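A quick write-up on the structure given underneath.
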Amino acid sequence: MNRNSTILLGTLATIVVIVIAFGVMTNPYSAPVDDSSEFPDFFTKNQDYFVTRIGSVPAISRDTYRLEIRGLVDNPRIFTLDELQALNLTELPLTIECIGNGVNGKLVATAVWKGFNVYDLLVSLGISESATGVRYFAADEYYASHTIDQLKNNGVLGALYMNGEEIPPIQGFPLRILNPGYYGVKQPAWVIDIEVIDTPLEDYWEDRGWDTSPPMEIDSKIFFPSGTVSVNTSQNLMVGGCAFGGTRVKMVEYTLDDGATWNNATIVQQIDADNVWVFWEIDLSFSSTGHFALQIRAIDINNNQQIKLDSSYRNGISGWPKLIIDVI
């Protein structure tokens, strides 16, 4: 086997691993990201929200659905959907990215979720002092875990509604668990069982070689224009995108010289909430012709900077998105 064949096989193997790791990816984030110079909806419509799953969508009836809470609680209980919907509910705007989303990828979106506080519900049932975490089981055989500290400090939500409607079946009806600030791999859908545990955490993809424990890294994406763009020196070029991850985004910067110098992009839309993306815009003009590479980086309120190149894809992928500009 020659060197070129070895490289090709290695590349194909990497692609296969990524496809296997995230199962079916249909209807990815499909808000406009073309040369129209328009931003997508700040809150992604339910039908446009990206989809990742390990198999087919479970068929769950609202009338027969049951959530069992068991394990290290004083009062194990089974809840109907009506009983869950009757709990004290709160809204949570949240941006989620798939852990396998590539640089400038489509698998990121934002919605307003509504549901119950998981920690408060468990406290009402009596959490054992020896408990260290919870394990969620889903109707599609997916499973994921959170620590008790994450439940308590992150405001983990048992989401029943998405953008004012019951969660659509493809997004996890009737119950999806949301851990703010973490990748989608930690947001199990179609949850039917919660077990309070004192054993090591278990996660479907963790058991398959991924590291699902880190929170989302500070990241950014270019919405428009897409691909390589050509302008002349008499034209201004508008570039728009989003930044997300970290606690909150503090600023977005751009470079045309591979990071030697940086300028600030303009934040054009944001809300007063943690773990929600911001939209940014850049108005570019050029005084000379040439071939330019525009690169973007975001910085969060803790001064974590988006890295230029991520050497590992198994714990979340980050990197400066790039737009090639030919000035003629």
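No lab work stands behind these numbers, since they all come straight from the coordinates. Since this is a predicted model, take the numbers as computed values, not measurements. Because the Cβ atoms are built from the backbone with ideal geometry, glycine has one as well, and the counts that use them run over all protein chains shown.
By other beta-carbon atoms within 10 Å, ranking TYR183, TYR143 with the fewest at the front produces TYR143, TYR183. The value of relative contact order for region 241-328, using C-alpha pairs under 8 Å at least six residues apart, is 31 percent. Considering only alpha-carbon pairs that sit under 8 angstrom and 6 or more positions apart, the relative contact order computed for the chain is 17 percent. Farthest towards the positive end of the charge dipole of region 219-327, among the residues SER288, THR261, LEU323, is the Cα of LEU323, using unit charges on the Cβ of Lys, Arg, Asp and Glu.
Would you mind counting up the charge near TRP190? Only other residues with Cβ under 11 Å from its Cβ, with Lys and Arg at +1 and Asp and Glu at -1. Could you put the intermediate results ahead of the total?
Values: positive: ARG53, ARG176; negative: ASP140, GLU141, ASP193.
Within the 11 Å Cβ shell, the charges total -1.
Using a cutoff of 8 angstrom between alpha carbon atoms and counting only pairs six or more residues apart, the relative contact order for region 13-208 works out to 23 percent.
Shown in residue order for region 134-140 are the 3J(HN,Hα) couplings computed by the Karplus curve 6.51 cos²θ - 1.76 cosθ + 1.60 at θ = phi - 60°: 10, 10, 9, 10, 10, 5, 9 Hz (x for Gly and Pro). Residues in region 289-313, backbone N under 18 Å from the label point at ILE324 (7 Å along the Cα-to-beta-carbon vector): list them, ranges by number please. Residues 289-296 fall inside that zone.
Please say if the chain is rounded, prolate or oblate, where rounded means a/c under 1.5 for a ≥ b ≥ c the square roots of the C-alpha gyration tensor eigenvalues, and otherwise the choice is prolate for a/b larger than b/c and oblate otherwise?
In terms of gyration-tensor shape, prolate.
The spacing between region 129-205 and region 42-64, judged by their C-alpha centroids, is 15 Å. Residues in region 193-200 carry Karplus couplings, in order, of 8, 10, 10, 7, 10, 10, 10, x Hz; the curve used is 6.51 cos²θ - 1.76 cosθ + 1.60 with θ = phi - 60°, and Gly or Pro positions show x.
Of the listed peptides 219-230, 239-250, 49-60, what is their order by residue-averaged count of other C-beta atoms within 10 Å, with the highest listed first?
Answer by packing, highest mean first, reads 239-250, 219-230, 49-60.
Compared with the dominant Cα axis of the chain, that is its longest principal axis, helix 3-21 is turned about 40°.
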